[in-house]
1. Just to be sure I understand, how many residues within region 378-393 are open to solvent by 70 Å² or more (accessible area, probe 1.4 Å) and modelled with pLDDT of 90 or more?
2. Looking at the structure I just gave you, is A424 assigned to a helix (DSSP H, G or I), in contact (Cβ under 8 Å) with a residue 60 or more places away in the chain, out of contact with any Leu (no Cβ under 6 Å at 6 or more places or on another chain) and more than 30 Å from Q180 (Cα to Cα)?
3. Can you find even one residue in region 454-466 that is surrounded by fewer than 23 Cβ atoms within 10 Å (Cβ to Cβ) and over 30 Å from V160 (Cα atoms)?
4. Residues E294, E273: which one is farther than 21 Å from A464 by Cβ and part of a helix (DSSP H, G or I)?
5. Could you list, in sequence order, the residues of region 513-535 that are open to solvent by less than 60 Å² (accessible area, probe 1.4 Å), at pLDDT 65 or above and more than 20 Å from I285 (Cα to Cα)?
6. Please pick out the residue among E265, E270, E294 that is surrounded by fewer than 16 Cβ atoms within 10 Å (Cβ to Cβ) and in contact (Cβ under 8 Å) with a residue 40 or more places away in the chain.
7. In region 326-362, what residues are in a helix (DSSP H, G or I) and over 24 Å from W414 (Cβ atoms)?
8. Which residues, counting only those in region 541-553, are modelled with pLDDT under 80 and not basic (K, R)?
Amino acid sequence: MVATNAAPGIYDAALLRRQEMMGASGPKALVKNFRVFSIAMFACIGGLLYGYNQGVFSGVLTMPAFKSHMGAYDTDRPEDASKKGWLTSILELGAWLGCLLSGFMAEAISRKYSILVATGVFIIGVVIQATAIADGGGHNSILAGRFITGMGVGSLSMIVPMYNAEVAPPEVRGSLIALQQLAICFGIMISFWIDYGTHYIGGVGATQSEAAWLLPICLQLVPAVILFGGILFMPFSPRWLIHHDREEEARKVLANLRGLPQDHELVELEYLEIKAQSLFEKRTISEYWPHLRELTAWNTFKLQFVAIGSLFRTKAMFKRVIVATVTMFFQQWTGINAVLYYAPTIFKELGMNDNSTSLLATGVVGIVMFLATIPSVLYIDKIGRKPILIIGAIGMAICHMIIAGIVGSFRYSWPEHRGAGWAAVVMVWIFVINFGYSWGPCAWIIVAEIWPISNRPYGIALGASSNWMNNFIVGQVTPDMIASISYGTYLIFGSLTFLGAAFIWKFVPETKRLTLEEMDVIFGSEGTAQADFERMEEINKEIGLDSLARGANSSPAAEPHTIDEKKDNEISTKEE
């Protein structure tokens, strides 16, 4: 029997060999890889756009100038709560579609040009919203613009982390991917404060200028245009180049990214690691879907859906589907995006009747969420996913229940109980802190970790699809819930968040530091990852990665080079 740790051993050796030449991970590695770090920072403008767009509309919805412009979509009237929901949630519907299409686009035209296309779509959507007054389209222009903007946001939310992961060396890959989450939180934070500042333009009442809501929307164009123009000067993903048989170009890009000669051992080692992964994917497709092995655009498009369908064929894989999609379901039904999208509205519900005060309280939401995300990025691999998710869910659920109790007791007498209103506001802030260190980053980590190598891209796409669809539903129903059941809104979110904690405790295993074989064991699909590793081990020996990674300590010529040779050797040993 082939040793189950064969393939990881190669990558452990590759890591040790790389560290001999470069040093361990950490802040020093970021300094040494400053070029890659700066490229990733630039690409994370896409995350900033995502976060900004997610947060900016919450303040715009409460501005008198915007509400007067919306006509039938006057968001203060209870009967228009559903329309208010559409103004907000239609962006998530567009993002869901953009997310589904982004995998195909990133593979067909490259990660670099996909970021260009997604940013262009985003800009078109913003322009349509900004011209809502000039063209007389009113709410129709806002709806159409937000849907198109959402398509761009959804694509960027998938492609930017993929691009950062593929240009980064393994030593700093985790840190550079984590930049995306911090960029999203930063975008949310600045959007809240821009809303707070611009709502004073022309006054805070009936005299308010149209610029009060147009300016926050139009400001998105500044980073979007910078990203659109700047991405043309960024390198292609080396992984995409190798996968599309542009290997010499990939070597040049890798050498340039690392600041080393093309024949440097570190460049060669990373080049072979990427080539091994590319060959693995191609051979996996040839085995399972031989009719899709040619890298045509149509085959690439069909492969996304055929591969996702394969996740439902066995009970063990279906368990992973349940963990990924249900975890994302509960992430959205914690109510986090209800808070981000409707924070000023919620704060008014909690007695902050002055729009300036409610926007100020909303600005604090952005700050505390940004700060709360940082510790999780630093300590998630030490503490583990499961305890953080459970503790965070319990903390959020308790906050919801306390808010429900306060609203139920004082919703008709806020002027006489200002202290109770502020207590509820503080509970919202504590709720956001609990989300920031737990379900914000950890849910995405769970979704990324539980799949075998051959299924990972499609499993992540399915989990992301669940995230955006539930995001859309929450955005749509929240105004109706607040208008019709008031404090019951928080009881529902709180109860579902308690259920989320129970789901994590009962059904989601701890994935910290587990190998793919161990994932197979806990999900009851022994052999899936082992087959992947055997295929990968054969490729590693075939292209010379094994001998390069192990250096002088290896004797590749004396070792069997294929799985069949290994089995023949084992039989011979038994016969002897």
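1. Within region 378-393, the subset open to solvent by 70 Å² or more (accessible area, probe 1.4 Å) is 378-379, 381-383, 391.
If we keep only those that are modelled with pLDDT of 90 or more as well, we get 391.
Residues that pass the stated criteria total 1.
2. Working: assigned to a helix (DSSP H, G or I): yes; in contact (Cβ under 8 Å) with a residue 60 or more places away in the chain: yes; out of contact with any Leu (no Cβ under 6 Å at 6 or more places or on another chain): no; more than 30 Å from Q180 (Cα to Cα): yes.
No.
3. Scanning region 454-466, I find no residue that is surrounded by fewer than 23 Cβ atoms within 10 Å (Cβ to Cβ) and over 30 Å from V160 (Cα atoms), so the answer is no.
4. Details: E294 fails: part of a helix (DSSP H, G or I).
One residue alone meets the criteria, E273.
5. Answer for region 513-535, where residues must be open to solvent by less than 60 Å² (accessible area, probe 1.4 Å), at pLDDT 65 or above and more than 20 Å from I285 (Cα to Cα): M519, D520, F523, G524.
6. Values: E270 fails: surrounded by fewer than 16 Cβ atoms within 10 Å (Cβ to Cβ); E294 fails: in contact (Cβ under 8 Å) with a residue 40 or more places away in the chain.
The match here is E265.
7. Kept after step one, since they are in a helix (DSSP H, G or I), are these residues of region 326-362: 326-332, 336-349, 355-362.
Across region 326-362, the qualifying residues are V326, T327, M328, F329, F330, Q331, Q332, I336, N337.
8. Keep residues of region 541-553 that are modelled with pLDDT under 80, which gives 545-553.
Of everything in region 541-553, those that are modelled with pLDDT under 80 and not basic (K, R) turn out to be L545, D546, S547, L548, A549, G551, A552, N553.
The values are calculated or read from the model by the stated rules, or taken from the named source; none is laboratory data. Worth saying up front: this structure is predicted, and the values here are computed from it rather than measured. Cβ: placed from backbone, ideal geometry, glycine included. Neighbour counts: every protein chain shown. Calculation scope for accessible area: heavy atoms of the full protein, side chains included, ligands and nucleic acids excluded. Shrake-Rupley method; radii C 1.70, N 1.55, O 1.52, S 1.80 Å.
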